[in-house]
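Read through the structure below, which is laid out as structure tokens, and then see the notes.
The values are calculated or read from the model by the stated rules, or taken from the named source; none is laboratory data. Because the structure is a prediction, the values reported are computed rather than measured. All Cβ positions, even for glycine, are placed from backbone atoms using ideal geometry, and neighbour counts span all protein chains on display.
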Amino acid sequence: MPIERILFTEEQVNARIKEVAAEISAKFQGRELKLVGVLKGSVFFLTALARAIDIPVKIDFLAISSFGGDTPGMVRIAKDLDDPIQDEDVLLVEDIVDTGLTTRYLLQTLAGRSPRSIAICTLLDRTVRRIVPVPVDFRCFEIPDRFVVGCGLDYKQLYRNLGYIAVMNPDRG
Ligand code: 5GP
């Protein structure tokens, strides 16, 4: 398997998700939260997070597709949310914020639907590659400038189901 090294073990990931879930529960205490996940990468993170949050949560998903080839940020919504988010506290749950272009697009799109509030939670944050500023409210891990897989993140649709986060080297295929 083209795994170069493990960045965060399954135990570290699970422990950190619990810590961040506690932060989120404290911040939104007494309210209901709508978790909005981006298919497919954030599914594993969102479900683990949702289980560890101890306030009432609803979940909904959207999917994006890219139309600019390898140009980052050229995305559109391919599958929209099932329900409106008007007057709801929304937490956009991302697998990774890299250049920030996808997250910014989603933030602007969702903000236009009049939620009561909107915040961002990401499993991984790679600030070193940021092109546009994104207000990340909750994050589990900052990572170096290497391609990673696991915990929902794929390479050619594989490795999403790994419980750990690993740096990948396709040459080791
Ligand atoms: P952006 O550059 O717009 O912040 O991130 C766009 C998308 O690129 C992410 O949601 C994720 O799907 C993908 N991506 C960015 N970095 C990585 C990485 O290291 N590994 C994997 N598997 N996907 C990544």
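Table for the structure above
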read-out: Condition met for P135 (in a loop (DSSP other than H, G, I, E, B), in contact with a strand residue (DSSP E or B) (Cβ under 6 Å, 6 or more places away or on another chain) and either near the ligand (Cβ under 8 Å from one of its atoms) or under 17 Å from I24 (Cβ atoms) (or both)); value: no
read-out: Count of residues meeting criterion [modelled with pLDDT under 95 and in contact with a Lys or Arg (Cβ under 9 Å, 6 or more places away or on another chain)] in region 76-102; value: 0
read-out: Tally of residues being on the phi > 0 side of the Ramachandran plot and away from the ligand (no atom under 13 Å from the Cβ) across region 40-99; value: 2
read-out: Subset of region 104-132 (residues that are away from the ligand (no atom under 11 Å from the Cβ), closer than 20 Å to L39 by Cβ and among the charged types (D, E, K, R)); value: R113
read-out: When residues of region 158-173 are limited to those that are within 10 Å of the ligand (Cβ to nearest atom) and in a loop (DSSP other than H, G, I, E, B), the one farthest from V43 (Cα to Cα); value: Y159
read-out: The one condition in (1) exposed (fewer than 14 other Cβ atoms within 10 Å of the Cβ); (2) in contact with a Ser or Thr (Cβ under 7 Å, 6 or more places away or on another chain) that R146 fails to fulfil; value: (2)
read-out: Residue pairs meeting the criteria (Cβ under 9 Å; at least 6 apart or on separate chains; first polar (S, T, N, Q), in region 74-93; second modelled with pLDDT of 95 or more); value: Q86/R113; Q86/S114; Q86/P115; Q86/R116
read-out: Cβ-Cβ under 6 Å pairs, at least 6 apart or on other chains, region 1-17 side closer than 22 Å to N169 by Cα, far side in a helix (DSSP H, G or I) and basic (K, R); value: P2/R172
read-out: Residue match in region 27-37 (condition: of a type outside the set (F, W, Y), part of a strand (DSSP E or B) and within 13 Å of the ligand (Cβ to nearest atom)); value: yes
read-out: In region 20-67, the residues that are crowded, with 18+ Cβ neighbours inside 10 Å, more than 13 Å from the chain's Cα centre (by Cα) and not hydrophobic (A, V, I, L, M, F, W, C); value: K34
read-out: Residue pairs meeting the criteria (Cβ under 9 Å; at least 6 apart or on separate chains; first farther than 15 Å from L92 by Cβ, in region 122-149; second β-branched (V, I, T) and away from the ligand (no atom under 11 Å from the Cβ)); value: F141/V13; E142/V128; I143/V128; P144/V128; D145/V128; V149/I3
